[in-house]
Amino acid sequence: MTDTVSKSMRSRNMSKIRSKNTKPEIQVRKYLFSRGLRYRLHAKNLPGKPDMVFPKYKTVVFVNGCFWHHHSCKYGTTPKTNTEYWLNKFEKNQMRDNSNYQTLESEGWKVLVIWECQINSKNRITFLENLYSEIKFS
């Protein structure tokens, strides 16, 4: 199957995808801030530059996009064109993520990974309440 848009249009579309301040990330940040948790954003001094760092609780949070990190949900699909490239890219992303998580854990950080589909689900409020409790009381 061929791509339905031109190569230049595909490049333009892909260049617009953000790695920081995504909609799911902002939703999590707003909820946790409203509950009184304070955090640092995208700490460059930590492996993987976690989306949120809670130094008081020695906890980091990554908000992962299901497509880019190839989550096993309906959003974690593999494109039908250039499949080999994408599978290789997803594998490298997952290996890098796991390496970063292990390094952080070995340095004493608690690592929490949130998936885009968890934020987009109907149970979002319950999920965010559980996340708050896990950061605050664990």
Quiz item: Does Val53 satisfy being touching a Ser or Thr at 6+ places or on another chain (Cβ under 9 Å), among the β-branched types (Val, Ile, Thr) and free of Cβ contacts under 8 Å to residues at least 40 places away in the same chain?
Solution: yes
Quiz item: Within the set of pairs 6 or more residues apart or between chains, which connect a residue that is without any contact (Cβ under 8 Å) to a residue 24 or more places away in the chain and at negative phi inside the stretch 30-46 to a residue that is buried (at least 16 other Cβ atoms within 10 Å of the Cβ) and basic (Lys, Arg) with Cβ atoms less than 7 Å apart?
Solution: Ala43/Lys49
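So for the stretch 84-94 (the condition being among the acidic types (Asp, Glu) and touching a strand residue (DSSP E or B) at 6+ places or on another chain (Cβ under 8 Å)), does at least one residue qualify? Steps first, please.
Within the stretch 84-94, the first condition is being among the acidic types (Asp, Glu), and the residues that meet it are 84, 91.
With touching a strand residue (DSSP E or B) at 6+ places or on another chain (Cβ under 8 Å) added as a condition, the list becomes none.
Taking every residue of the stretch 84-94 in turn, none turns out to be among the acidic types (Asp, Glu) and touching a strand residue (DSSP E or B) at 6+ places or on another chain (Cβ under 8 Å).
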Exercise. Take Lys23 and decide whether it is out of contact with any Gly (no Cβ under 6 Å at 6 or more places or on another chain), surrounded by 11 or more Cβ atoms within 10 Å (Cβ to Cβ) and at pLDDT 95 or above.
Key: no
Self-check item: Tally of residues being surrounded by 14 or more Cβ atoms within 10 Å (Cβ to Cβ) and either farther than 19 Å from Phe67 by Cβ or touching a residue at least 12 places away in the same chain (Cβ under 8 Å) (or both) across the stretch 79-93
Solution: 2
Self-check item: Selection from the stretch 94-120 of residues that are out of contact with any helix residue (DSSP H, G or I) (no Cβ under 6 Å at 6 or more places or on another chain), free of Cβ contacts under 8 Å to residues at least 60 places away in the same chain and surrounded by 13 or more Cβ atoms within 10 Å (Cβ to Cβ)
Solution: Gln94, Arg96, Asp97, Asn100, Tyr101, Thr103, Leu104, Lys110, Leu112, Val113, Trp115, Cys117
Practice problem: Please work out if Ser106 is polar (S, T, N, Q) and at pLDDT 95 or above. | Solution: yes
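The values are calculated or read from the model by the stated rules, or taken from the named source; none is laboratory data. Since the model is a prediction, treat every value here as computed from it, not as a measurement. With ideal geometry, Cβ positions are generated from the backbone for all residues, glycine too; neighbour counts draw on all protein chains shown.
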